[in-house]
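The values are calculated or read from the model by the stated rules, or taken from the named source; none is laboratory data. In this text the structure is predicted, and so the values were computed from the model without any measurement. Cβ placement follows ideal geometry from the backbone for every residue including glycine, while neighbour counts extend to all protein chains displayed.
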Amino acid sequence: MNLSSRARQEWRIILWVSLGSAVISAYFGYAVGGSTPMHSAMMGIVNSVVIATPIMLYEVKGQRVAALRRLRRLPLLVYFGVKVLFYVVVIIGGLVVVRVLFGSSEIMPFDEVFRGSIAFAVAMSVLANLAFEMGSLLGFGTLKNLLSGRYMQPKLEQKAFLLIDMKDSTGLAERLGSIHFHELLNAFFRDVADAALECEAEIHKYVGDEAILTWPDGRSLANGDCLACPFVARNFIVANGGQYRERFGVVPEFRAALHYGEIVAGEIGDVRREIAYVGDTLNVAARLLDATKMIGRDVVVSSDLLERAALPSGIGAEALPILTVRGRAAPLGISALQCLGGDFRFPGSDRTTAPSFFRGQR
């Protein structure tokens, strides 16, 4: 079975969190269990599997189920109450099932060990839920960097950037209305995110109708993943074309600009903190994106990046007249990227299967 990069990432998250939960639960059982240490540790592991598995599947895979996805439209307190109820049922039910499996004569004695197990399971579930919510909000890469303090002190880094901007977003917003346009934008960014996962990009941020993706200087440049990414995103959008037309009456299109250079990465802000990239590189990328409208090309790359990244098979580069960028002393060499001989296919991936974001959405 050929899994998408999103699916592989989701299963990796489930695996690593489950393993971590099993280790912690085994130690908890060993430390507070009422029987032999090994027996208690084994019960802790089984408790972790029985309880953590459905909770993890809900947190990671829940957005693929239409009924669960609609729960997020409830008021926050109601949605939180439903989740708490689900957690309590899974935790108590799991503890009871494990006691039955281990042949306990009393299924629910509510003794000290049982009460401690409930408190421990609830605490673990709440912490995991907070981690997922923060990771979804900030991005798991950003969350990891914030927790590790990697950018407490600003650092100079070399990065490639891809800016993707939806075409005619103002007209679409006026025609669809604000709420419906937000749904279109969310679906569009979902396809961009799928492409980012396929091409091993970090999603730096969304700015209005624009997505900013980035890669460190390394394998992704050598393999040309960054140059392929706009075409992978386009393929995801085309694969979902029927659903876009059904829901919104249009298949979104975009312009894209790619550039490479030095930036300063560091934590910034006081009341609200984030990891910001500062420097001329992003400014030039933004000017390059603006230039796509004037030159009439959808995907444009700077020579600074094209000289460092391998051009993937199936993609051609056409040199364009040099571009004068405001605030930059030297003119910028640019090229237009395009597919050669039909749709681009990313090596090792199946582009005929559409992502499941639209399933069940009406």
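Things worth noting here:
- When segment 288-297 is limited to residues that are buried (at least 18 other Cβ atoms within 10 Å of the Cβ) and not hydroxyl-bearing (Ser, Thr, Tyr), the one that is modelled with the lowest pLDDT turns out to be 291.
- Near pairs, Cβ below 9 angstrom, 6+ apart or cross-chain, from segment 248-260 (without any contact (Cβ under 8 Å) to a residue 40 or more places away in the chain) to any residue that is surrounded by fewer than 18 Cβ atoms within 10 Å (Cβ to Cβ) and among the β-branched types (Val, Ile, Thr): 251/238
- From 301, 278, 251, residue being in contact with a Gly (Cβ under 7 Å, 6 or more places away or on another chain) and in the same structural domain as residue 326 (by TED's automatic domain parsing): 251
- The residue list 210, 202, 246 contains one member that is among the charged types (D, E, K, R), assigned by TED's automatic domain parsing to the domain that holds residue 164 and out of contact with any strand residue (DSSP E or B) (no Cβ under 6 Å at 6 or more places or on another chain), which is 246.
- Failed item, numbered, when residue 260 is tested on (1) surrounded by 20 or more Cβ atoms within 10 Å (Cβ to Cβ); (2) not in a strand (DSSP E or B): (2)
- Filter result for residue 245 (free of Cβ contacts under 8 Å to residues at least 24 places away in the same chain and either within 26 Å of residue 181 (Cβ to Cβ) or in a strand (DSSP E or B) (or both)): yes
- Applying the condition of being in contact with a strand residue (DSSP E or B) (Cβ under 9 Å, 6 or more places away or on another chain) and among the polar types (S, T, N, Q) to segment 307-362 and asking which residue is modelled with the lowest pLDDT yields 324.
- Within segment 269-282, residues that are surrounded by fewer than 17 Cβ atoms within 10 Å (Cβ to Cβ) sit with their Cβ atoms under 7 Å from residues that are among the β-branched types (Val, Ile, Thr), at 6+ positions apart or across chains, in these pairs: 274/268; 278/263; 278/264; 279/263; 279/264.
- Condition met for residue 33 (modelled with pLDDT under 75 and either closer than 15 Å to residue 121 by Cα or in contact with an Asp or Glu (Cβ under 8 Å, 6 or more places away or on another chain) (or both)): yes
- One residue from 208, 218 being touching a helix residue (DSSP H, G or I) at 6+ places or on another chain (Cβ under 8 Å), within 20 Å of residue 277 (Cβ to Cβ) and not aromatic (Phe, Trp, Tyr): 208
- Some residue of segment 231-239 being more than 19 Å from residue 301 (Cβ to Cβ), of a type in the set (A, V, I, L, M, F, W, C) and free of Cβ contacts under 8 Å to residues at least 40 places away in the same chain: no
- Restricting segment 213-252 to residues that are farther than 15 Å from residue 201 by Cβ and of a type in the set (Val, Ile, Thr), the residue that is surrounded by the most Cβ atoms within 10 Å (Cβ to Cβ) is 237.
- Condition met for residue 182 (out of contact with any Asp or Glu (no Cβ under 9 Å at 6 or more places or on another chain) and either crowded, with 20+ Cβ neighbours inside 10 Å or among the polar types (S, T, N, Q) (or both)): no
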